[in-house]
Amino acid sequence: MMRRLLVAAVISVSLISPSITNADVKTGEAAYNRGDYAATLREWQPLANAGDSVAQVAVGLLHERGQVDKVAAYMWFTLAARQNEPRAAEARDRIARSMSRAEIAQGELQAQMWRPTGQ
């Protein structure tokens, strides 16, 4: 289910974001399918950094699925939830169940301090 959610988020990003190409989608998806979460993250991080809520969910899922950084996943899900992105709050709450109070507080602080690239 996690894979389908990530792929759906990736496809949604490609459809609504003019800054991403079909090649970006395929490159990121191929990296994800082979378990190369770092390469997938490199494809999607710039969109999340620019404030794209769908990309923020995708990046949060990458952090969660790849167990890269729970605090970062929490931050990205929080940012997307603030933009009313479907499933973001649910994803944030899911990962929060595996985090300490200190980690959650750190994720909240990072979300509060975050600013889109170029602003």
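The values are calculated or read from the model by the stated rules, or taken from the named source; none is laboratory data. On a predicted model such as this, the values are computed, not experimentally measured, just so you know. Cβ atoms come from the backbone with ideal geometry, glycine included; neighbour counts cover every protein chain shown.
Results, tabulated for the structure shown:
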quantity	calculated
Selected residue (criterion: surrounded by the most Cβ atoms within 10 Å (Cβ to Cβ)) from residues of segment 51-94 that are of a type in the set (S, T, N, Q) and assigned to a helix (DSSP H, G or I)	Gln56
Residues located in segment 65-102, provided they are among the small types (Gly, Ala, Ser) and more than 10 Å from Ser53 (Cβ to Cβ)	Gly66, Ala72, Ala73, Ala89, Ala91, Ala96, Ser98, Ser100, Ala102
Selection within segment 95-115 - assigned to a helix (DSSP H, G or I) and of a type outside the set (A, V, I, L, M)	Arg101, Glu103, Gln106, Gly107, Glu108, Gln110, Gln112
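Quick grid of which residues meet (1) small (Gly, Ala, Ser); (2) modelled with pLDDT of 70 or more:
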{"residue": "Met2", "(1), (2)": "no, no"}
{"residue": "Ser17", "(1), (2)": "yes, no"}
{"residue": "Gly35", "(1), (2)": "yes, yes"}
{"residue": "Arg42", "(1), (2)": "no, yes"}
{"residue": "Ala55", "(1), (2)": "yes, yes"}
{"residue": "Val59", "(1), (2)": "no, yes"}
{"residue": "Phe77", "(1), (2)": "no, yes"}
